[in-house]
Amino acid sequence: MNYQDFFRARLNELRDDGNYREFAELERYKGAFPSARCHNGPGEVTIWCSNDYLGMGQHPDVIAAMHNALDRTGAGAGGTRNISGTTHDHVLLEAELADLHGKEAALLFTSGYVSNWAALGTLASGIPDCVVLSDALNHASMIEGIRHSRAKKAIWKHNDLNDLEANLKALPLEQPKLIAFESVYSMDGDIAPIAKICDLADRYGAMTYLDEVHAVGLYGPRGGGIAEREGLMDRLTVIEGTLGKAFGVMGGYIAASAELCDFVRSFASGFIFTTALPPAIAAGAAASIRHLKTSTVERTSHQAKVAEVRARLDAIGLPHIENPSHIIPVMVGDPVKCKYISDVLLNEHGIYIQPINYPTVPKGTERLRITPSPVHSAADIDRLIDALEQLWTQCELARMPMAAQ
């Protein structure tokens, strides 16, 4: 077999289908987010698709905490948590996370992907005869964790309580069960009916595992996520989150009972055999969490900017998925045109929005996933809307009825 020819042919297929992914080489400017320099593109750009939803990666408190930790401890953690890598900063961060979610304990991982993969895989494989009931639109990290566990699973229709209950009814009441789902789904921006899922879990003797990665920092009076906003944190067995989105740094975690966290800590290969996050990362994340526990300025401004961008899109008739979250999926519906629009936005308008194509979303639902932040200016929004309106006309894409002026 000619391996290079095989690789080349498959990559060319992606290019022909409009699904080949190119990376913009960005250099963010400290204190000036969402501005950045694109080294392999037009130079100065404005980022419109970052998951640093609140710009906390640029916050002075976060940066100062990281500088301080570097000066105190040096660069790395020194090893895995089990051998030499558990530092005081890791312990302090886990305490902040447990407090954020009203849980006895928290366990830190190197990323949100790893926390889902390790925690779900360990729980589902370690509990005898456990069945995982997984929402059909769960993130790849959750799917991989469940698959890795080799536990029995049932996939229920997205946010469909009737289908979830039918799957629960089909299992013996005494059989261990784990319902895995997300709060905010990242591509469509819809939100799970958490309370009703908890009701079903109580009725059928199931544990609940809630992924809040696109909600922590953004919702609730202290940034604890949708479950905090709705007063439901105590009803969830496990809350999983990330430090790399609204908190602006890096890492993933679970928050749960002390025994559950200790069980995962003791048996999860994805925790045991991985080098710990650098202490400076942990210190920066802890500073971000502490700030957002008391400050509502960022969340209030964020919600206002999201509402403004939605209204401006409505005014020119650009189709976007209506949802109750901060994620604005602008629907293109064609992979080639979606990539073309993204390329022109970058190269001619200095606007960076990555195209979201298959396999991230189903074919025919290609989109631009826009994530306004509190630090996008009125001029930034004007440039975005003007550029999108031009490109929609140029590409002859469908529009919605325009809002009354």
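The values are calculated or read from the model by the stated rules, or taken from the named source; none is laboratory data. All of these numbers come straight from a predicted model, not from anything done at the bench. Neighbour counts run over all protein chains shown; Cβ positions are idealised from the backbone, glycine included. The protein model used for the area step is the full one, side chains on, heavy atoms only, and it has no ligands, DNA or RNA in it. Shrake-Rupley method; radii C 1.70, N 1.55, O 1.52, S 1.80 Å.
Considering only MET207, ALA304, THR242, whose Cα is most displaced toward the positive end of the charge dipole of the range 169-309, charges sitting on Cβ of Lys, Arg (+1) and Asp, Glu (-1)?
ALA304
Explain nothing, just compute: Karplus ³J(HN,Hα) = 6.51 cos²θ - 1.76 cosθ + 1.60, θ = phi - 60°, for every residue of the range 146-156 in order, whole Hz, x for Gly and Pro.
5, 4, 4, 5, 6, 6, 5, 9, 9, 9, 9
Once you put a point 7 Å from the Cα of SER84 and another 7 Å from the Cα of ASP343, both along the Cβ direction, what distance in nm separates them?
5.0
Quick one: what are the phi-derived ³J(HN,Hα) couplings along the range 104-112, Karplus 6.51/-1.76/1.60 with θ = phi - 60°, whole Hz, x for glycine and proline?
5, 8, 9, 9, 8, 10, 6, 7, x
Expressed as a whole percentage, what fraction of the accessible surface of the range 1-71 belongs to carbon and sulfur atoms when a 1.4 Å probe is rolled over the protein heavy atoms?
Of all accessible area on the range 1-71, carbon and sulfur atoms account for 49 percent.
With r defined as the distance between the Cβ atoms of ASP16 and ALA307 and R0 fixed at 41 Å, what FRET efficiency is calculated, to the nearest 0.05?
The calculated FRET efficiency here is 0.55.
Of the listed peptides 292-301, 240-249, what is their order by residue-averaged count of other C-beta atoms within 10 Å, with the highest listed first?
Highest mean packing first, the order is 240-249, 292-301.
Tell me the per residue accessible area of the chain using a 1.4 Å probe; a whole number in Å² is fine.
Counting only protein heavy atoms, the per-residue value for the chain is 43 Å².
Dividing the Cα radius of gyration by the Kirkwood radius, what Rg/Rh value follows for the range 98-148?
My calculation puts Rg/Rh at 1.01.
So what's the back-of-envelope 222 nm ellipticity for the chain, counting only DSSP H runs of four-plus at -39500 (n - 2.57) apiece and dividing by all residues, rounded to 500?
The helix contribution divided over the chain gives -13500 deg cm²/dmol.
How long is the gain from ASP129 to HIS67 if the chain were fully straight, where each residue apart is worth 0.36 nm and the alpha carbon distance is subtracted?
Value of the extension gain: 17.6 nm.
Place +1 on the Cβ of every Lys and Arg and -1 on the Cβ of every Asp and Glu in the chain, take the dipole about the Cα centre, and give the residue among HIS326, THR360, ILE385 whose Cα lies farthest towards its positive end.
THR360
Using a 1.4 Å probe over the heavy atoms of the protein chains, calculate the carbon and sulfur portion of the accessible area of the range 258-355 as a whole percent.
59
Taking a spot 7 Å from the Cα of SER295 along the direction of its beta carbon, which residues of the range 40-64 have an amide N less than 17 Å from it?
From the range 40-64, the list is 52-64.
Just report the Cα centroid separation between the range 349-382 and the range 273-313, whole Å.
19
Once you place label points 7 Å from the Cα toward the Cβ at PHE6 and GLN394, how far apart are they in nm?
4.0
What is the dipole size for the chain, taken about its Cα centre, with +1 at each Lys and Arg Cβ and -1 at each Asp and Glu Cβ, in debye to the nearest 20?
Dipole about the Cα centre, nearest 20: 380 debye.
Among 119-125, 64-70, how do they line up from the highest to the lowest mean number of other beta-carbon atoms within 10 Å?
Output ranking for 119-125, 64-70: 119-125, 64-70.
Want the number for ASN323 to CYS49: 0.36 nm per residue separation, take away the alpha-carbon distance, what's left?
Gain on extension, ASN323 to CYS49, equals 96.9 nm.
Measure off, as a whole percent, the carbon and sulfur share of the 1.4 Å-probe accessible area of the range 187-251, all protein chains present.
51
What does DSSP give for the chain in terms of the percent of beta bridges that are antiparallel, rounded to the nearest 5?
Antiparallel bridges: around 55 percent, rounded to the nearest 5.
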